[in-house]
């Protein structure tokens, strides 16, 4: 008895197969592998800026005992009340705190923010303990700042600390689930459908439009291999697919640019939970 094949990646990428009139003729195994390869390749060729599945992060300060050194937060409630000017490290920059709070962007009012690993394509949910917050209680600024805008009678803002040993949904926890990339639009879904159709042809021994560096090894009609030099210069050689790629990754970046600072620790990202 042979071991079952490993699971195929699920990148939560919608597929528009309007371009592939004979898609139903391919075996389910071929369809699954073709769509997984198509979405994996397109996500890589966009520099991982587009698509992907939502991720859950659990923000927290580096040390809950530190009253002013913040990790992933600016403008926590109650800072500076009656203390005069105090030096505060905000995202790696030392400033003097005034106005009774941490003020940024020409504001002298409380600004409660959580810095999330960018880009933030869309927020699925924000949960504090057992409570899933209404969407009107927060917004996203600058592509990675989750800004509190809850009702005036709620003054807690974002939690300063949380119990990392407890699962999401229990008391004392705080979690943000969001799409770590740009959402796939209709053209991206169409491009994935075109790619999937070509991979299905290659897997079935048919003539396809994949570049010459892409080779296929057909065994019982379900196996395929992508050659290392198949997609040179970040393009596929398929006109309609490359036209879409130029709109989302015109400079052919292999990954999104990042700004790193030793003073700013990223929120913990959940990668597995039973």
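Quick note: the coordinates plus some simple rules give every number you see, no bench work behind them. Keep in mind that what you see is a predicted model, and the values were worked out from it rather than measured. Positions of Cβ are backbone-derived with ideal geometry, glycine not excepted, and every protein chain shown enters the neighbour counts.
Okay, here's what the table says:
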{"quantity": "Failed condition for residue 168, given (1) part of a loop (DSSP other than H, G, I, E, B); (2) free of Cβ contacts under 8 Å to residues at least 24 places away in the same chain", "calculated": "(2)"}
{"quantity": "Residues being surrounded by 12 or more Cβ atoms within 10 Å (Cβ to Cβ) and farther than 17 Å from residue 50 by Cα - total across segment 171-188", "calculated": "5"}
